[in-house]
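The values are calculated or read from the model by the stated rules, or taken from the named source; none is laboratory data. Just so it is clear, the model here is predicted, and its values are computed rather than measured. Here Cβ is always computed from backbone atoms with ideal geometry, including for glycine, and neighbour counts include all displayed protein chains. Heavy atoms of the whole protein, side chains included, go into the accessibility calculation; ligands, DNA and RNA do not. Shrake-Rupley method; radii C 1.70, N 1.55, O 1.52, S 1.80 Å.
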Amino acid sequence: LKTGVLGTCPTDHRVVMVPWSDRTDTVHQAPLPSLLQSQRRSSPNEVDLPKETDQFPPSPTDPNHANGFRVRFEGIPIVVEDENVSPFSLPQEALSFKPDDGAVIARFANGDSERKIHCNIELHREELEALRELQEEARKKDVALPKSVSASATRYLSHSHGDCKKALKMMEATSDWRSSYFQRPLTDSALAEDLKLGIAYFTGRDKALRPVLVFRASRIPALWHRERSFDRVLRVLIFCMEYFLRYMAVPGRVECINAVIDLKDLTLAQIPIGVLREVHRSMGTYYAGRIFRFYICNMPRLLNSLVPLAKKVLTERQRQKVVFVCRNEDLVQEMTARQLEKDLGGSRPTLEDFFPFPLLPGPFDVDGNSSQQRNQGEPVPGVHKVLTHEGSHGRLWNVLLDAGENTRLDFSEEAAEILRKTSKSSSGTWKVSLAAEVKEDSASVDELHCSTSTGGSEAGDSGVTAETVWTLGNEAEGSHREAVTLQNDKACIEVEATATSVGCCFFCRGGH
């Protein structure tokens, strides 16, 4: 109540919160407990009353601003019943996943590049400067944006090649579209029949844990074609995108999807060009930077012959995003076979039920031999519940905050118990270095002094260094002991190393 006053919105009767401010155009949704917790974390003391100020950039704790932009009311875009949220919408691996450089920034042959991971991650200096310019432009024009759009500011900057005025126009257009389109949230019950057609559905994830959305154009009903009800196709796709943003994304780790466009059983005349054009426009404008790659599969023979010509007219960035798949088996280079259906080159039987989305747990690496495979314990369902609604949006890097605050995830009240389950189910493997000092005339274990580190360490001139694979067992508490052999030209000694578990889960141990 020190932040604002609660009331009922006269248009749709939702409970809203109006801050103690002279502004009448800034309205916030009633805070959930998770939001209140976030406010408490950001300031150990009481939340101060928001004040009208020209301070720029605004304070990170100012409830009237988010990501450096003035915020406005945003409704809930989709409503999904708990039983219709796939239990493995968010695999446990995604919480600790560290994307490599190629997953964070795509680099092209012509020297151009495009950032793919934007939130909860440090931005480059030129990106921060462009972001500050965009924030200043929005302040001058007194533009207010939904929080979800403000968190995508750098995506629009990338889409507009650094033109802040163009980026701001796109953000305003997206904000207006969302306000209009989601006047009433899309519900799973209202779209149930359309979702069951299997026109669009999530089937798995690629090796970088990006979800795979399959679009089957041949399953669009003939009646929809005759009545040109393509808005129903778009509505299904928008539902899928909002589902991804809420239940499948992790800021700073997984922020994009792959789209597999299947043109099987279609002649050239039957390809719904209008639908595909609208899908491309909507995804590029309203969900800028959210599609990592389009895979076009099972093209008609005539269209397949035109691929070389099409590639010549595409820009380098477009060629990186659009892949014409000659053989469906090539898809398994990016996605494990068990995550793909057989007609797309995978080993999974053809699906008949499409909602709730038929998502499988990991592992997701294509070779099946990496740490994901070795670390996979009993899959834990319901991991999507660990993030709050606002936490799934993520945050842009703020130079006024330290790295810990910039990268932290906003966990829900249910997160602690779920994270304990993920910790107990994982059989984690780490490579550690052991540095030991050994007397030249003795190889006694009693005279051996060992130290461990995750990054490796070097012993003195008389010491030895060895590396081993260290496996943490499935015990909920305690430690795991393993024999380790240390060797140099003077001695070969077998010692017993101990790894002690500190904290209830991976995150309580600070990521170690």
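Miscellaneous remarks
- Among (1) at pLDDT 75 or above; (2) open to solvent by 60 Å² or more (accessible area, probe 1.4 Å), the one test that S423 misses: (2)
- All positions within the stretch 196-208 that are buried (at least 23 other Cβ atoms within 10 Å of the Cβ) and either assigned to a helix (DSSP H, G or I) or not hydrophobic (A, V, I, L, M, F, W, C) (or both): Y201, G204, R205, D206
- Against the test of being within 15 Å of K207 (Cβ to Cβ) and in contact with a Cys (Cβ under 8 Å, 6 or more places away or on another chain), the options L344, L340, L331 yield a single qualifying residue, L331.
- The listed residue being open to solvent by 50 Å² or more (accessible area, probe 1.4 Å), at pLDDT 90 or above and more than 29 Å from R219 (Cα to Cα), out of K342, K385, K312: K385
- Considered as a group, the residues in the stretch 92-122 that are crowded, with 18+ Cβ neighbours inside 10 Å and more than 30 Å from P381 (Cα to Cα) include one that is farthest from the chain's Cα centre (by Cα), and that residue is A106.
- Number of the exception - A288 against (1) within 21 Å of the chain's Cα centre (by Cα); (2) in contact (Cβ under 8 Å) with a residue 40 or more places away in the chain; (3) open to solvent by 30 Å² or more (accessible area, probe 1.4 Å): (3)
- The listed residue being part of a loop (DSSP other than H, G, I, E, B), modelled with pLDDT of 95 or more and touching a strand residue (DSSP E or B) at 6+ places or on another chain (Cβ under 9 Å), out of L359, L409: L359
- Elements of the type helices (runs of 4 or more DSSP H) sitting completely within the stretch 119-187 and holding at least 1 residues that are within 14 Å of G75 (Cβ to Cβ): these cover 147-150, 164-181.
- Selection status of G394, at pLDDT below 90 and surrounded by 13 or more Cβ atoms within 10 Å (Cβ to Cβ): no
- Tabulated pairs, the stretch 120-138, first closer than 10 Å to F69 by Cα, second outside any helix (DSSP H, G or I), C-beta under 6 angstrom, 6+ apart or interchain: Q135/G68; A138/F69
- In the set (1) of a type in the set (S, T, Y); (2) open to solvent by 30 Å² or more (accessible area, probe 1.4 Å); (3) at pLDDT 95 or above, S89 fails one condition alone, (2).
- Within the stretch 324-336, none of the residues are open to solvent by 50 Å² or more (accessible area, probe 1.4 Å), of a type in the set (S, T, Y) and more than 30 Å from M170 (Cα to Cα).
- For the stretch 293-318, a residue qualifies if it is free of Cβ contacts under 8 Å to residues at least 12 places away in the same chain and either closer than 18 Å to A208 by Cβ or among the charged types (D, E, K, R) (or both), and the qualifying residues are R301, K312.
- Test for K166: is it surrounded by fewer than 22 Cβ atoms within 10 Å (Cβ to Cβ) and free of Cβ contacts under 8 Å to residues at least 24 places away in the same chain: yes
- Failed criterion for L186 (all others in (1) in contact with a strand residue (DSSP E or B) (Cβ under 6 Å, 6 or more places away or on another chain); (2) closer than 21 Å to P60 by Cβ hold): (2)
- Some residue of the stretch 219-240 being within 15 Å of the chain's Cα centre (by Cα) and open to solvent by less than 20 Å² (accessible area, probe 1.4 Å): yes
- Of all residues in the stretch 180-201, those that are under 19 Å from M248 (Cβ atoms) have Cβ atoms under 7 Å from Cβ atoms of residues that are assigned to a helix (DSSP H, G or I) and open to solvent by 30 Å² or more (accessible area, probe 1.4 Å), 6 or more apart or on another chain, in L186/R235; D188/N84; L191/R235; G198/R219; I199/R219.
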